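Note sheet for the following structure.
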Amino acid sequence: MNSSQPRRLRCESAQELFKQHFGHAPTHTVKAPGRLEVLGNHADYNDGLVMSAAVDRHVFICASPRADGKIELVSSAFPETETFWLTDIKSNPAARWSDYPKGVLAQLKKRGVHFTGFNAAVHSTVPMGAGMSSSAALEVATALILRKLFPYTLTQTGLGTPPTPGKRGELPAVNQIERMQYAKLCRAAENEFVGVPCGILDQVSSLFGRAGNVMMLDCRDLTVEFSMLTGAAFIVCDTGVQHALVGGEYAELRQNCESAARKLGAKFLRTVEMKQVQAAKTLLTEREFQCACHIVGEIARVVAAERVLQADDHAQFGQFMFQSHESSRDLLKNSCKELDILVELAREHPACLGARLTGAGFGGATINLVAHHQAQEFMAHMSRGCSRLTGIEMTPLVCQIVDGAG
């Protein structure tokens, strides 16, 4: 189909959308998972510790090269097709979704990666605005599809020797060191092009996921460790209240955390202890004090939670999740009425071990740790209760923990 003609938005895959829009099959396909933030709310940009998991909701991108220097992007989720020259990568207010792949392209150019034009189709099963990092998954998938189209290697100091394709044209897997470079590049794309001052959690989670394991990211040392999670399931309950991180709330939280750290004589709140925060209360504004208390307490919770997860103590781990939500609600103040209702509704069910908001907050979804054999009962309870208490018809999602992209 000619790209100037109307296209059908209903499609089941990126391959189908690509064929509908461009009239031929794509040459390459990649996928990158969304993530659930399990514990460590807003700790990443404070150099803190965060627990997360890559889950079985993905962003898929199919692409083929073109020779005229143009890039054309199409998405099953948005009506706007975006076409631009690779020499003129800039934001288009009429197609904001394309800022995420454009930001990655701009960062690749900045690092000296050579690429020409291409066509790409995007299809996602990651719920948008639910706090599952659809944006980071799109960034990671963009970086990986460019690697397939125009092979390159990222190093800590710049570019390395491009990977050599195998006999069937396949590229070698991205190693762990290079994955962290991808995460940094994608974070820079979101910080600089999209304008969201996010940390590195979402990109690392999408790239480093390990099936069946919760990961703990040390955002200071950029190291990742894993703990098995067996016998329990993560169930996501989406409020339907969408958050937009380009709004001011996220940036305001970060500003309060950073200003609190400065007043406490630290570069990041990671190095501050709770007794220091309490002793310096009069030096801080009320919001600085509240944000600092949350971050310092949340980092301590992650440390304790990793220990109990290693001991397979799911009940205590779940209690840390409840505590995390209460801290986000009362101190960070990034919850909302619908999130609070869902957490309390989950607490009522005996199958629920823990529940909290996941992601940036201000809407989005809750993550619930539930005994695996009672997952269906729990989901029915949440659907009925959500409809009764909020009027929202909500279908819970059972999320499997999966491997990362690449």
With respect to ALA380, determine if the residue is farther than 24 Å from ARG57 by Cα and in a helix (DSSP H, G or I). no
So ILE235 fits all but one of (1) touching a helix residue (DSSP H, G or I) at 6+ places or on another chain (Cβ under 7 Å); (2) in a loop (DSSP other than H, G, I, E, B); what number is the exception? (2)
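Only one residue in ILE401, ILE367, ILE341 is in contact (Cβ under 8 Å) with a residue 24 or more places away in the chain, of a type in the set (Val, Ile, Thr) and over 24 Å from LEU309 (Cβ atoms). Which one?
It is ILE341.
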How many residues, within region 363-396, are touching a helix residue (DSSP H, G or I) at 6+ places or on another chain (Cβ under 9 Å), surrounded by fewer than 22 Cβ atoms within 10 Å (Cβ to Cβ) and of a type outside the set (D, E, K, R)? 8
If you take the residues in region 125-170 that are polar (S, T, N, Q) and within 25 Å of TYR250 (Cα to Cα), which one is modelled with the lowest pLDDT? SER133
Within region 14-103, considering only strands (runs of 3 or more DSSP E) that don't extend past its boundaries, which have at least 2 residues that are in contact with a Cys (Cβ under 8 Å, 6 or more places away or on another chain)? 28-39, 49-65
Given the criteria more than 25 Å from the chain's Cα centre (by Cα), over 30 Å from GLY265 (Cβ atoms) and of a type in the set (Gly, Ala, Ser), does GLY359 qualify? no
Top-ranked residue in region 260-291 [being β-branched (Val, Ile, Thr) and surrounded by fewer than 15 Cβ atoms within 10 Å (Cβ to Cβ); ranked as farthest from LEU339 (Cα to Cα)]: THR282
Quick one: in region 239-259, of everything that is touching a Gly at 6+ places or on another chain (Cβ under 7 Å) and buried (at least 19 other Cβ atoms within 10 Å of the Cβ), which residue is modelled with the highest pLDDT? THR239
Residue that is of a type in the set (S, T, N, Q), outside any loop (DSSP other than H, G, I, E, B) and free of Cβ contacts under 8 Å to residues at least 12 places away in the same chain, where the choices are GLN319, GLN255, GLN290: GLN255
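The values are calculated or read from the model by the stated rules, or taken from the named source; none is laboratory data. No experiment lies behind these values; they were computed from the predicted model shown. All Cβ positions, even for glycine, are placed from backbone atoms using ideal geometry, and neighbour counts span all protein chains on display.
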